[in-house]
1. Looking at this structure, is Thr112 out of contact with any Phe, Trp or Tyr (no Cβ under 8 Å at 6 or more places or on another chain), free of Cβ contacts under 8 Å to residues at least 40 places away in the same chain, under 21 Å from Ile21 (Cβ atoms) and crowded, with 16+ Cβ neighbours inside 10 Å?
2. (1) touching a helix residue (DSSP H, G or I) at 6+ places or on another chain (Cβ under 6 Å); (2) within 17 Å of Asn82 (Cα to Cα): which one isn't true of Ser43, the others all being true?
3. Residue by residue through the stretch 46-65, note down the ones that are in a loop (DSSP other than H, G, I, E, B) and surrounded by fewer than 16 Cβ atoms within 10 Å (Cβ to Cβ).
4. Mind checking which residues of the stretch 1-45 are within 18 Å of Leu147 (Cβ to Cβ) and either in a loop (DSSP other than H, G, I, E, B) or polar (S, T, N, Q) (or both)?
5. Given the conditions (1) surrounded by 15 or more Cβ atoms within 10 Å (Cβ to Cβ); (2) under 25 Å from Leu153 (Cα atoms), report the number of the one that Tyr81 does not fulfil.
6. For the stretch 1-45, what are the residues that are exposed (fewer than 15 other Cβ atoms within 10 Å of the Cβ), among the small types (Gly, Ala, Ser) and within 16 Å of Ile127 (Cα to Cα)?
7. Spot the failing condition for Ser73; the list is (1) within 24 Å of Lys158 (Cβ to Cβ); (2) among the polar types (S, T, N, Q); (3) in contact (Cβ under 8 Å) with a residue 24 or more places away in the chain, and only one is missed.
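Read the figures in this text as sums done on the coordinates, not as results from a lab. The structure displayed is predicted, hence computed values, not measured ones. In this analysis, Cβ positions are derived from the backbone assuming ideal geometry, glycine residues included, and neighbour counts consider all displayed protein chains.
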Amino acid sequence: MIEVFKNSTLKFNNKYYNCAIGANGIKQDKKEGDSTTPSGVFSFGSIFYRKDRIPFINSSINSIPIEKNMFWSDNPESDYYNKLINFNDKTSEVLYKEDNTYDIFLVINYNTKPILKFKGSAIFMHITKGNYEPTKGCIALKKNCFLNILKYLSPKDKIKINLN
């Protein structure tokens, strides 16, 4: 189990890591665009990675190479809201980024079953920007820390995001 705390600390296998969380902290009642990280216990989806930047993923979790036509819909008006798509859906998260934040990311299964409109989308664990710059709701780590965690994370593991 990964645990995330409001002081921007992540715990996994009895080791603590610095991380970034949403600019407005952790919240139980997350809404689309509020820049908060949702609290709760969630399973994980697939790992997505840029194979031109990360040639090998050492993880037992399903891994998918990111292609230039991959997006994640964050348009709450869309039938594709909070889903992986291969077109830009009015507003979408571009997955093939110029910066390194999405060189590798792990989907956190928040608002997935069922998907509720305006409840929040594209909640990932990814590489931090700068010196742990706050996110729009994701959890971000230094690349080497993230890759180390992925080595030991199993498909059955969960993430617990704490309000305190």
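1. no
2. (1)
3. Lys51, Asp52, Arg53, Pro55, Phe56, Asn58, Ser60, Asn62
4. Across the stretch 1-45, the qualifying residues are Asn13, Asn18, Cys19.
5. Result: Tyr81 fails condition (2) only.
6. Ala23
7. So Ser73 meets the others, but not (1).
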